[in-house]
Amino acid sequence: MCHLPKIESEKILVGLDTSDDAAVYKLDDNTAIIQTLDFFTPVVDDPYMFGQIAAANSLSDVYAMGGKPILALNIVCFPSCLPLDILTEILKGGFEKVKEAGALLVGGHTVDDKEPKYGLSVTGIVSPDRVIANSNAKPGDVLILTKPLGLGIINTAIKADMVSKDTIKRAMDVMACLNNIAAEGMIKVGVNSCTDITGFGFLGHAFEMAKGSEVTLIIDSKSIPIIEEAIDNANMGLIPAGAYRNKGYIGNNVEISKDVPTYMEDILFDPQTSGGLLIAVEEKKADELLKFYKENLKTDFAVVGKVVKREDKFIKVN
């Protein structure tokens, strides 16, 4: 994308400059639209659950920007050799998740491909003066994560048939859970910055927040919520290739203490599917937001760090 001509328009409130979660286009003084898309190959065997997870993942970008999804279009790649019943279940799962989000699924496009892929193009709306970008974290902010990590490692272990049925169910429930309640809380309280944790992993998306905001994030690894069995899987070496790519992407921009266990480092780089929100909120507002989450959020959440003035590294993990 860096090789494309730069788009200059006063209507573009959020574009390519900060590696944000979606584009935001101002229609008028009262309304801006959020536009995003995402799709990927199956992460679970159940086609209905795959549809739910892929849809939740696509909708997440709108929630991360503080918006409300209103319309969605299916993006489908499907092999002609597979039974259409499988595709029907995928689409049912996606439809139900879009419906749960209060949006309308109004069509889409399908192509014949060797491997199934599914996701959504999503349009959301937000007030132009209430857009939450990933590039506005402030020194003194508290960092809150709204879903546990370890999903990529769990998905790798599922393919190797080395994870319990209970953990598979928990991972699927976490991935299929919308970030709508997490977004509702941060909109109610008012936060400075947010990003959702997906393919670049926790540290990859945290890096983008830190770089865009010109701050340093201090991460407390002991506070990170984790799907417990991911620790054993990581210790066994069941690490997805994407984790190593994420580590290479961040490069010298992160400093990890020698006291941080290797499994924890792997989990922090682990690519997530439909992960939670990483939120930077003023310390004085953090208790109110945490209270809201305790009363309403179904997933594990925690304070995982703080924002400080720019230091020699964008991220420091203790």
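List of remarks:
- Among the residues making up segment 240-266, those that are of a type in the set (Lys, Arg) and not in a loop (DSSP other than H, G, I, E, B) are Arg245, Lys247.
- Being outside any strand (DSSP E or B), touching a Gly at 6+ places or on another chain (Cβ under 9 Å), closer than 28 Å to Asp45 by Cα and in contact (Cβ under 8 Å) with a residue 12 or more places away in the chain is a property that does not hold for Gly119.
- Reported count of residues in segment 137-154, each being part of a strand (DSSP E or B), aliphatic (A, V, I, L, M) and buried (at least 24 other Cβ atoms within 10 Å of the Cβ), is 4.
- Candidate set from segment 28-66 (those that are farther than 19 Å from Ile279 by Cα and hydroxyl-bearing (Ser, Thr, Tyr)); member that is surrounded by the most Cβ atoms within 10 Å (Cβ to Cβ): Thr36
- Residue in segment 155-166 that is in a helix (DSSP H, G or I) and either of a type in the set (Ser, Thr, Tyr) or more than 30 Å from Asp46 (Cβ to Cβ) (or both) present: yes
- Given (1) among the small types (Gly, Ala, Ser); (2) in contact with a strand residue (DSSP E or B) (Cβ under 7 Å, 6 or more places away or on another chain); (3) assigned to a helix (DSSP H, G or I), number of the condition Gly212 does not satisfy: (2)
- Test: Tyr25 is among the hydroxyl-bearing types (Ser, Thr, Tyr) and surrounded by fewer than 21 Cβ atoms within 10 Å (Cβ to Cβ): yes
- Of the residues screened, Asp141 is one that is over 15 Å from the mean Cα position of the chain (by Cα) and acidic (Asp, Glu).
- Any pair with Cβ under 9 angstrom, 6 or more apart, that starts in segment 87-102 at a residue that is crowded, with 18+ Cβ neighbours inside 10 Å and ends at one that is in a loop (DSSP other than H, G, I, E, B): Leu87/Pro116; Ile90/Pro42; Ile90/Pro116; Gly93/Asp46; Lys97/Leu178; Ala101/Leu178
- Selection within segment 276-288: residues that are in contact (Cβ under 8 Å) with a residue 60 or more places away in the chain and over 13 Å from Val304 (Cβ atoms). The member of this set that is surrounded by the fewest Cβ atoms within 10 Å (Cβ to Cβ) is Glu283.
- Out of Lys159, Lys211, one residue alone is without any contact (Cβ under 8 Å) to a residue 24 or more places away in the chain, not hydrophobic (A, V, I, L, M, F, W, C) and not assigned by TED's automatic domain parsing to the domain that holds Ala55. It is Lys159.
- Residues of segment 294-305 satisfying the condition of being touching a residue at least 40 places away in the same chain (Cβ under 8 Å) and farther than 30 Å from Tyr118 by Cα: Ala302, Val303, Val304, Gly305
- Segment 289-318 - residue that is among the hydrophobic types (A, V, I, L, M, F, W, C) and assigned to a helix (DSSP H, G or I) and, of those, surrounded by the fewest Cβ atoms within 10 Å (Cβ to Cβ): Phe292
The values are calculated or read from the model by the stated rules, or taken from the named source; none is laboratory data. Treat the numbers as computed from the prediction; the structure is a model and nothing was measured. Here Cβ is always computed from backbone atoms with ideal geometry, including for glycine, and neighbour counts include all displayed protein chains.
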